Structure formats: structure tokens, C-alpha cells
């Protein structure tokens, strides 16, 4: 639990108590110059493997590159947009994708992207539980990644930077300010709408 506490530099202002792994998880940009152990990476993908999915299709796929293979890591780094250049300091990059049609009957899978999101959330929470951090990004060359890496029938999801947390002071000033600003969310009353008057307190 000490590792978890050390990663929680930005505790949220909760309306209701939730599990510390959910409350503490966040998406930093400062990564330590330290490799991620193979067994910890395997645990991340095992967590993804056990996420829920429609008809148990498990439409997610992950392409992984680490510092132990500089050529592969540079390849994933080359897909990042300029605004996400900070992620090149991460020791691990992961490109996710999802199968657009069901394997069972060939029909479009309308919830495949949702299923991928569930798998990636499992990864993020597992990472935080092990003292790692994970930051998902949509800013990368999706068309090039699809053309060069993905098999037919798959669409890109996100790119994730994974590693150990570093001091925010290592970041440029613009990113450092974003790293340290308070974490906010919309209040429950803006996202929860009880259908009857029996439970008005649900929305706060």
C-alpha cells in the first residue's frame, strides 16, 4: 500500500467514498527512468484479459514495446502527436485495438470499443495497485498505426504510456502545471438521473 500512496499525488475531492484504487488512479505525464518488470506487465494484461465483454468476445488486442527493445519502442513513439511527445519518456508504450465485428456471427460489434475501455480500465487499476502509473492517449497517428500494425478487421483504440511515477518537477513548466492542478469531475447531480422520486438522494 505504500507504493499506492506514493503514486497518489493528487487526491480527489470525493462526494462519496470509493475504493482507494479507484479514487487514487490518475494519469500522470512524469515517468521515472526505470524499467517495468516483465511480471508486472504480464499482470496488467492478465487484468485486461478478465474484463467483461459482450458475449465474452474479448475484442481487445494490445501491441507492446519496452525499452528493452529500443527499435520497437521508437516505432510506437513515432506514432505520437507532438502534444504527446512527453510520453517518449515512458519505458513502456502500448497500442490498443478492437475487433469491429463479432467472431461468433460476423455482425458489427456495437460495444467493442466499450469492451476495450473496460479492459484498459482494468489495466489502469492493476497498474496503480502495483505502484505503476498508466496514461491513455488518443493523440497518435491512428491511420498509420492501423495501416502498419493492425490486422484486417481491427480499429485503433488508444496509446498508453506505462511506468513508474517521477517527480513533476522533471516536466516542462506547461506540463508541470497540468500535472499538479486539482483533479475535478462533474457532480453526481449532472450524471445521475433517478427515474422515480423514490431515490432522489442518489444524485446527491
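Nothing in this text is a laboratory measurement; each read-out follows from the coordinates by a stated rule. Worth saying up front: this structure is predicted, and the values here are computed from it rather than measured. Cβ placement follows ideal geometry from the backbone for every residue including glycine, while neighbour counts extend to all protein chains displayed.
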Exercise. With r defined as the distance between the Cβ atoms of residue 55 and residue 138 and R0 fixed at 30 Å, what FRET efficiency is calculated, to the nearest 0.05?
Worked result: 0.70
Exercise. For region 84-193, what's the relative contact order in percent, using C-alpha pairs closer than 8 Å and at least 6 residues apart?
Worked result: 34
Seminar exercise, completed: Ranked from fewest to most other Cβ atoms within 10 Å of their own Cβ, 19, 135, 101 fall in the order 19, 101, 135
Exercise. Measuring from centroid to centroid over Cα atoms, what is the spacing of region 161-195 and region 142-158 in Å?
Worked result: 28
Exercise. Once you put a point 7 Å from the Cα of residue 72 and another 7 Å from the Cα of residue 170, both along the Cβ direction, what distance in nm separates them?
Worked result: 2.2
For this session: Could you work out how far apart the two model spin labels at residue 177 and residue 147 are, taking each label as a point 7 Å from the Cα in the direction of the beta carbon, and quote it in nm?
Result: 3.7
Seminar exercise, completed: For 50, 63, 86, ascending order of other Cβ atoms within 10 Å (fewest first) is 50, 63, 86
Exercise. Can you give me the relative contact order of the chain as a percent, contacts being Cα pairs under 8 Å and 6 or more apart?
Worked result: 30
Seminar exercise, completed: Computed D for the chain, Stokes-Einstein, Kirkwood radius over alpha-carbon pairs, 37 °C, 0.692 mPa s, to the nearest µm² per second, is 178
Exercise. Which distance in nm do the two modelled labels at residue 17 and residue 101 give, with both placed 7 Å along the Cα-to-Cβ direction?
Worked result: 5.1
